[in-house]
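Enquirer: Let me begin by handing over the structure; questions about it come next.
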Amino acid sequence: MKANLKKALGLAALGMTLLANTVPTWAGYVDYRGVIIEPKTSYPNETEAFGSMVGTRDSADNKQYIGCSLDAAPFVTCSAVDSTGKFAGCISYDAGHIDAVQKMTDSSFIAFRFNRANATCVKVEINNNSFGLR
């Protein structure tokens, strides 16, 4: 009986230790904004799309996405869909845009602006900050 009690107490202590060490605690601001697509009033022929990867991934709907990809050519394509299903997308051969997309992570905040007439990216911005982490 004494051995069983020792074993039970040991297992309980081990369980409490594991529980205490496996539950992370986080502090600070987290950007949970989903995708927003809007025409730019300061640039009449342009539209901007932006959102955080975390906010988009954790959104309540299954429509939203935002991202950019790099092709071997090399060129960049960025695309987004907001919660209403509205699509935005653009393409760029600009070296600065290519460099920005190469720095993108799964917790980046992404913003891109494009010319509506030819779907050319005017701006591609990738922000990697602590507020992009879960």
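Every read-out reported here was derived from the displayed coordinates using simple, explicitly stated rules and does not represent laboratory data. The shown structure was predicted, so the numbers you read here are calculated from the model rather than taken from an experiment. Heads up, the Cβs are rebuilt from the backbone with ideal geometry, glycines too, and the neighbour counts pull from every protein chain shown.
Enquirer: Residues being closer than 25 Å to ASN45 by Cα, of a type outside the set (Gly, Ala, Ser) and either surrounded by fewer than 19 Cβ atoms within 10 Å (Cβ to Cβ) or touching a helix residue (DSSP H, G or I) at 6+ places or on another chain (Cβ under 8 Å) (or both): count how many of those fall in the stretch 100-122.
Expert: 8
Enquirer: For the stretch 76-90, enumerate the residues that are in contact with an Asp or Glu (Cβ under 9 Å, 6 or more places away or on another chain) and more than 19 Å from ARG57 (Cβ to Cβ).
Expert: VAL76, THR77
Yes/no matrix, rows are residues, columns are (1) outside any loop (DSSP other than H, G, I, E, B); (2) closer than 23 Å to ASN129 by Cβ; (3) in contact (Cβ under 8 Å) with a residue 24 or more places away in the chain; (4) among the hydroxyl-bearing types (Ser, Thr, Tyr):
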{"position": "TYR32", "(1), (2), (3), (4)": "no, yes, yes, yes"}
{"position": "ILE37", "(1), (2), (3), (4)": "yes, yes, yes, no"}
{"position": "ALA49", "(1), (2), (3), (4)": "yes, yes, yes, no"}
{"position": "ALA60", "(1), (2), (3), (4)": "no, no, no, no"}
{"position": "GLY67", "(1), (2), (3), (4)": "yes, yes, yes, no"}
{"position": "GLY85", "(1), (2), (3), (4)": "no, no, no, no"}
{"position": "ALA88", "(1), (2), (3), (4)": "yes, yes, yes, no"}
{"position": "ILE91", "(1), (2), (3), (4)": "yes, no, yes, no"}
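Enquirer: Right, something else. I need a count of the residues in the stretch 51-80 that are under 18 Å from ALA119 (Cα atoms) and buried (at least 20 other Cβ atoms within 10 Å of the Cβ).
Expert: Adding up the residues that qualify gives 5.
Enquirer: Name, by its number, the condition in (1) assigned to a strand (DSSP E or B); (2) out of contact with any Asp or Glu (no Cβ under 7 Å at 6 or more places or on another chain); (3) aliphatic (A, V, I, L, M); (4) in contact (Cβ under 8 Å) with a residue 40 or more places away in the chain that does not hold for VAL122.
Expert: With respect to (1) assigned to a strand (DSSP E or B); (2) out of contact with any Asp or Glu (no Cβ under 7 Å at 6 or more places or on another chain); (3) aliphatic (A, V, I, L, M); (4) in contact (Cβ under 8 Å) with a residue 40 or more places away in the chain, VAL122 is out only on (2).
Enquirer: Go through (1) touching a strand residue (DSSP E or B) at 6+ places or on another chain (Cβ under 7 Å); (2) in a loop (DSSP other than H, G, I, E, B); (3) among the hydrophobic types (A, V, I, L, M, F, W, C) and name the single condition VAL76 misses.
Expert: In the conditions (1) touching a strand residue (DSSP E or B) at 6+ places or on another chain (Cβ under 7 Å); (2) in a loop (DSSP other than H, G, I, E, B); (3) among the hydrophobic types (A, V, I, L, M, F, W, C), VAL76 misses (2) alone.
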